[in-house]
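Read the structure below first, then the notes.
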Amino acid sequence: MEDLKNAVMAVCIISAGVCMIENMVSGTRLKSQMKFLLNLTVVTVLVASFTKGGIAFEMPDFSEYSQQNYGTSQEVYNNEICRQTSENISSVIFEQLTASGINCTEIQTEVNISDDNSIFISKVIISSDDFGSAVEIVRNIIGNSAEVVNGSG
């Protein structure tokens with residue numbers, strides 16, 4: 001690996017020298033001869049690097065970067081979608097109850113998301129002073145399919 005590093009460094013230095021010399025002789029008759037000599041020098045350095053004992057290329061160990069189990073990532077993603085959806089629905093219900101004049105301290109919504117990305121609200125837990133009125137408003141918002149539970153005790 002050290003030989004490869006030295007070869008690359010030598011080619012870079014010679015290439016920089018080639019550019020400088022080509023710029024100095026660009027307007028002269030010696031331009032084509034100098035370009036030939038400089039390209040020959042670059043080739044000589046490359047050939048010498050490979051024939052000097054050969055450059056051994058080492059392949060990195062790819063076992064560290066093996067394919068990970070992405071099923072876990074999908075599960076984390078699905079759980080986060082459910083959590084965020086639950087928070088959004090709870091926020092909307094809270095706003096509707098507050099707008100109706102019902103004092104509500106906490107709303108928790110349990111949602112399920114099916115494989116076809118349909119959202120099912122399975123349970124709504126409400127902590128409110130007027131639970132009966134809150135249930136009626138929640139039923140008007142989400143329908144009768146979800147269970148509405150009193151979270152006040």
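The values are calculated or read from the model by the stated rules, or taken from the named source; none is laboratory data. Bear in mind the structure is a predicted one, so any value in this text is a computation, not a measurement. Note that each Cβ is placed from the backbone with ideal geometry, even for glycine, and that neighbours are counted across all protein chains shown. SASA here: full protein model, heavy atoms, side chains in, ligands and nucleic acids out. Shrake-Rupley method; radii C 1.70, N 1.55, O 1.52, S 1.80 Å.
For the peptides 19-28, 119-128, 100-109, residues were scored by their other Cβ atoms within 10 Å and the scores averaged per peptide; the highest-first order is 119-128, 100-109, 19-28. Only alpha carbons enter this Debye calculation for region 70-153, each as an equal point scatterer, and the log10 of I(q)/I(0) it gives at q = 0.10, 0.13, 0.14, 0.21 Å⁻¹ is -0.27, -0.43, -0.48, -0.91.
Model label points for residue 35 and residue 10, set 7 angstrom from Cα along the Cα-to-Cβ axis, are 2.5 nm apart. For 141, 89, the ranking by accessible surface with the largest value first comes to 141, 89, using a 1.4 Å probe.
Each Lys or Arg adds one and each Asp or Glu subtracts one; over the other residues with Cβ under 15 Å from the Cβ of residue 105, this totals -4. Per atom type, region 110-153 shows carbon and sulfur on 42% of its accessible surface, probed at 1.4 Å.
Across region 109-119, computed HN-Hα scalar couplings (Karplus, 6.51 cos²θ - 1.76 cosθ + 1.60, θ = phi - 60°) run 10, 9, 10, 10, 10, 7, 5, 8, 6, 7, 9 Hz from first to last residue, x flagging Gly and Pro. Applying 1/(1 + (r/R0)^6) with R0 = 22 Å to the Cβ-Cβ distance of residue 122 and residue 84 gives a FRET efficiency near 0.85.
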